[in-house]
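The structure under discussion appears below in the form of structure tokens.
The values are calculated or read from the model by the stated rules, or taken from the named source; none is laboratory data. If you're wondering where the values come from, they're calculated on a predicted model, not measured in any experiment. Cβ: placed from backbone, ideal geometry, glycine included. Neighbour counts: every protein chain shown.
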Amino acid sequence: MTTVVSYGDFVDSIAAALQFISHYHPPGYIRHLAQAYEREASQPAKQAIAQILINSRMCAEGRRPICQDTGIVNVFLRVGMEVRLGGFPASVVDAVNAGVRRAYRDPDNTLRASIVEDPLFGRRNTGDNTPAVVHVELVPGNTVTVDLMAKGGGSENKSKFAVLMPSDSVADWVVSMVPSMGAGWCPPGMLGIGVGGTAEKAMLLAKQSLANPLDMLDIQSRGPRNALEALRIDIHDRINALGIGAQGLGGLTTVLDVKIATYPTHAASMPVAVVPNCAATRHAQFELDGSGPAMLTPPSSDLWPDLPFPDGTESRRVDLNTLTREETTTWRAGETLLLSGRMLTGRDAAHKRIDEMLARGECLPVDFRNRMIYYVGPVDPVRDEVVGPCGPTTSTRMDKFSERMLPSTGLLGMIGKAERGPAAISAIVANRCVYLAATGGAAYLISKAIRSARILAFGDLGMEAIYEFDVENLPVVVAVDTSGNSIHESGPRTWRMAVA
């Protein structure tokens, strides 16, 4: 019997699902992260996990994005061959994009538009987060099954691929790749591993595997039932023994789950891909059977642990309005701070423009002297918000600008997420600056510390414009101090030895 899935039901379901995953973590993720919080012995990592869990609950209650990077949309469609798509004015991909456009422009929960077209040259923001990346498969049946995820750039950028020898160890290669991924993918999260097929098939398998529910706790509890589950446990345990920990600060949990999908391959080949999913894991599955739009069920409120809001009693309080370089020299890597006062923001596009202006000897539109710059691209505010969710972006993308920007602008320091590379750390030391890390995956929580926000320059860059934020008690950790000591180096090293 032929099922008719209407255009309206299809678009409505895509839009509703994208709104749903913007503010609801999958239940399995909450359960696994809560267990990781309970067993974590590293205090910096435990505080980061607590912030992610508190942020998760706040987003569920406030219906606002878990992360400011609301992702590039990935959609996997399995269309039954007995289904008729009714009333579609164009292609099924166009229908997906109509749903994306509606979801990201929803005035009740505006999502950040992050997609740029002409990726080589103009990189113009499309303004509505389209187009999505869509995969369509025709299968037996009379329903349309949709796996949908919103994938943040910080985790997507850390994807890895190799063609191994057939006799090589997949586990050894995967474990060796994880330290090279740094912390920009916002651990603790998941790893999707694809093995087999061809290069593009292995990458697709890895991405698709991330849509499966987290079940590592169950497998560990009952024991593996087959060789694939045993391999998942082995990789999971070996990665966590690296001591990288939450946000790369050092700790017991780097991955919550490891997924593996396989496909037959050439006898001479073993393509292997790894795609990480971050602390803002966002995915859902629904089915359309012609009876109307899909409805997704929110997680039960009792899934989240009852964690106290951080009071900052163990953190040093910093007044950004009176901060001096001499004061920053007293901070030590690993120390926690609460920042209050005015700071600037700026990320990739702003840094590129600033760097070009400095190279031409032009005056900058903003005075950076004795200021902190926060690497962020916020979500637009709704209702009475000062600013939307605004967690940190990956700092390593700004490393190449540090050598010119720090001495030329008089900045005291930078705020972002994940580690800094050798060139950036060298510039930090040479200019007596600091680098502070905020928690990736706690964007809505962080936004509540912002009392006012205004655009100062480069308004044409949209979310990448330079803002001035006035903040109160914004929690950060000193990631690189003025002497060049890095918590992202010392933390994992300490915990790798502790769990050995």
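The strands (runs of 3 or more DSSP E) located wholly in the stretch 411-500 include none with 3 or more residues which are closer than 15 Å to Arg347 by Cβ, assigned by TED's automatic domain parsing to the domain that holds Asp355 and over 25 Å from the mean Cα position of the chain (by Cα). Among residues of the stretch 102-124 being buried (at least 18 other Cβ atoms within 10 Å of the Cβ) and not basic (Lys, Arg), the one that is farthest from Glu61 (Cα to Cα) is Ile115.
Yes/no per residue for (1) under 16 Å from the mean Cα position of the chain (by Cα); (2) surrounded by fewer than 23 Cβ atoms within 10 Å (Cβ to Cβ); (3) within 27 Å of His488 (Cα to Cα); (4) of a type outside the set (Val, Ile, Thr):
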{"residue": "Ile14", "(1), (2), (3), (4)": "no, no, no, no"}
{"residue": "Phe20", "(1), (2), (3), (4)": "no, yes, no, yes"}
{"residue": "His25", "(1), (2), (3), (4)": "yes, no, yes, yes"}
{"residue": "Arg39", "(1), (2), (3), (4)": "no, yes, yes, yes"}
{"residue": "Gln47", "(1), (2), (3), (4)": "no, yes, yes, yes"}
{"residue": "Ala50", "(1), (2), (3), (4)": "no, yes, yes, yes"}
{"residue": "Arg57", "(1), (2), (3), (4)": "no, yes, no, yes"}
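Here the stretch 273-315 is the region considered, the condition is being over 27 Å from Gly28 (Cα atoms) and either modelled with pLDDT under 95 or aliphatic (A, V, I, L, M) (or both), and the residue that is surrounded by the fewest Cβ atoms within 10 Å (Cβ to Cβ) is Thr313.
Within the stretch 19-76, the set of residues being farther than 28 Å from Glu335 by Cα and assigned to a helix (DSSP H, G or I) comprises Gln19, Phe20, Ile21, Ser22, His23, Pro27, Gly28, Tyr29, Arg31, Ala60, Glu61, Gly62.
Lys201: among the basic types (Lys, Arg), surrounded by fewer than 21 Cβ atoms within 10 Å (Cβ to Cβ) and assigned to a helix (DSSP H, G or I), yes or no? It is true that Lys201 is among the basic types (Lys, Arg), surrounded by fewer than 21 Cβ atoms within 10 Å (Cβ to Cβ) and assigned to a helix (DSSP H, G or I).
With respect to being surrounded by 14 or more Cβ atoms within 10 Å (Cβ to Cβ), of a type in the set (A, V, I, L, M), closer than 25 Å to Ile52 by Cα and outside the structural domain of Cys67 (by TED's automatic domain parsing), Leu358 falls outside the description.
Among residues that are farther than 28 Å from Ala442 by Cα and either basic (Lys, Arg) or modelled with pLDDT of 95 or more (or both), Thr130 is not included.
Looking only at the stretch 108-127, decide whether some residue is more than 22 Å from Asp460 (Cβ to Cβ) and assigned to a loop (DSSP other than H, G, I, E, B).
Checking the stretch 108-127: at least one residue is more than 22 Å from Asp460 (Cβ to Cβ) and assigned to a loop (DSSP other than H, G, I, E, B).
Inside the stretch 283-335, residues that are within 30 Å of Glu82 (Cα to Cα) and not hydroxyl-bearing (Ser, Thr, Tyr) make up a count of 13.
Looking across the stretch 61-98, the residues that are out of contact with any strand residue (DSSP E or B) (no Cβ under 7 Å at 6 or more places or on another chain), under 26 Å from Cys186 (Cβ atoms) and surrounded by 20 or more Cβ atoms within 10 Å (Cβ to Cβ) come down to Arg64, Pro65, Ile66, Cys67, Gln68, Asp69. Residues considered: Lys158, Lys207. Of these, the only one that is charged (D, E, K, R), outside any helix (DSSP H, G or I), at pLDDT 95 or above and within 24 Å of Lys417 (Cα to Cα) is Lys158. In this structure, Val255 does not qualify as out of contact with any Pro (no Cβ under 7 Å at 6 or more places or on another chain) and of a type in the set (A, V, I, L, M, F, W, C).
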